[in-house]
1. Residues being over 16 Å from Arg160 (Cβ atoms), surrounded by 15 or more Cβ atoms within 10 Å (Cβ to Cβ) and not β-branched (Val, Ile, Thr): count how many of those fall in the range 73-101.
2. When you go through Leu53, Leu35 one by one, which is the residue that is surrounded by 13 or more Cβ atoms within 10 Å (Cβ to Cβ), of a type in the set (A, V, I, L, M, F, W, C) and more than 29 Å from Gly74 (Cβ to Cβ)?
3. Does Gly181 meet the test of being open to solvent by 40 Å² or more (accessible area, probe 1.4 Å) and either more than 19 Å from Glu75 (Cα to Cα) or touching a strand residue (DSSP E or B) at 6+ places or on another chain (Cβ under 9 Å) (or both)?
4. Which residues, counting only those in the range 128-162, are under 17 Å from Thr82 (Cβ atoms) and among the acidic types (Asp, Glu)?
5. Kindly indicate the residue of the range 154-169 that is farther than 14 Å from Gly74 by Cα and among the small types (Gly, Ala, Ser) and also modelled with the lowest pLDDT among those meeting that condition.
Amino acid sequence: MAYSPDQIEIMNSIIKRYPRSRSAIMPLLHYVQSLAGYVTNEGIEEIAKLLELETAEVTAVATFYTQYKRRPVGEYHVGVCTNTLCAVMGGDAIFAALKDHLGVENDGVTADGKVSLEHIECNAACDYAPVVMANWEFYDNQNVETAKDLVDSMRKGTPRPPTRGPNSLVTWKEASAVLAGLSDGKANEGLQAGEPTLLGLKLSKEGK
């Protein structure tokens with residue numbers, strides 16, 4: 001895809017956030033992913049050109065980190081933790097059930113393009129096992145039936161709110177834009193959120 005002048009301007013604004021331009025590789029990858037739904041070859045070439053890097057350098061980052069996809073995923077990308085604790089607590093059963101329920105294999109996308117499925121080694125949320133993630137938002141303490149209900153709600157276009165974080169689930173492209181540093185206005189949503197404060201810094205200085 002050819003990038004518009006406005007899109008190039010956004011990319012340049014991302015680069016300007018960093019004292020070394022190459023440090024912008026990751027947010028730029030998120031940004032091009034937010035436009036196409038995955039990291040295209042054209043996106044890699046554009047990033048390399050803007051950062052004055054070889055395409056191989058940008059490709060190395062895009063293929064190393066699993067949050068970047070090199071082919072289309074669903075509007076809602078679902079990851080089921082299958083690491084040891086989640087697996088023992090039911091993660092393997094959830095993953096197997098969702099494959100059957102959605103009619104896809106690992107890294108597959110439903111025919112309607114709504115949901116894709118991936119097994120994840122660890123979501124770093126063992127205290128809420130088994131955990132399912134959708135577009136990087138947490139759904140804690142899942143079981144086979146709640147996970148099926150979750151993906152069904154996504155296919156209907158009315159996804160369930162995440163267990164923590166914002167009060168609503170954004171699409172995969174919208175989540176990628178947020179990870180690129182573009183605000184979606186949801187930072188203060190959810191029970192755990194609130195206006196930013198310096199309380200943590202104050203407590204650390206007091207040694208508490």
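The values are calculated or read from the model by the stated rules, or taken from the named source; none is laboratory data. The shown structure was predicted, so the numbers you read here are calculated from the model rather than taken from an experiment. Here the Cβ positions follow ideal geometry from the backbone for every residue, glycine too, while neighbour counts run over all protein chains shown. Protein only, heavy atoms only, side chains kept; ligands, DNA and RNA dropped before computing areas. Shrake-Rupley method; radii C 1.70, N 1.55, O 1.52, S 1.80 Å.
1. Here the count works out to 13.
2. On the way: Leu35 fails: more than 29 Å from Gly74 (Cβ to Cβ).
That would be Leu53, the only listed residue that is surrounded by 13 or more Cβ atoms within 10 Å (Cβ to Cβ), of a type in the set (A, V, I, L, M, F, W, C) and more than 29 Å from Gly74 (Cβ to Cβ).
3. Yes; evaluated as a whole, the condition is true for this residue.
4. Asp140, the sole residue that qualifies.
5. Kept after step one, since they are farther than 14 Å from Gly74 by Cα, are these residues of the range 154-169: 158, 160-168.
After this cut, where a residue has to be among the small types (Gly, Ala, Ser) as well, the list is 165, 168.
Numbers: Gly165: 83, Ser168: 92.
Out of the qualifying residues, it is Gly165.
Every residue, every condition in (1) out of contact with any Pro (no Cβ under 9 Å at 6 or more places or on another chain); (2) touching a residue at least 12 places away in the same chain (Cβ under 8 Å); (3) closer than 19 Å to Glu174 by Cα, yes or no:
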| site | (1), (2), (3) |
| --- | --- |
| Gly74 | yes, yes, yes |
| Thr84 | yes, no, no |
| Ala96 | yes, no, no |
| Gly113 | no, yes, yes |
| Ser116 | no, yes, yes |
| His119 | yes, yes, no |
| Ala124 | yes, no, no |
| Ala147 | no, yes, no |
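So that you can scan it fast, the table gives a plain yes or no per residue for (1) over 12 Å from the mean Cα position of the chain (by Cα); (2) closer than 20 Å to Ser176 by Cβ; (3) not in a loop (DSSP other than H, G, I, E, B):
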site: Val32; (1), (2), (3): yes, yes, yes
site: Val39; (1), (2), (3): yes, yes, no
site: Ile47; (1), (2), (3): yes, yes, yes
site: Thr63; (1), (2), (3): yes, yes, yes
site: Gly79; (1), (2), (3): no, yes, yes
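Yes or no, residue by residue, for (1) more than 30 Å from Ser21 (Cβ to Cβ); (2) over 14 Å from the mean Cα position of the chain (by Cα); (3) among the acidic types (Asp, Glu):
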residue: Val58; (1), (2), (3): no, yes, no
residue: Thr66; (1), (2), (3): no, no, no
residue: Val104; (1), (2), (3): yes, yes, no
residue: Gly108; (1), (2), (3): yes, yes, no
residue: Leu117; (1), (2), (3): yes, no, no
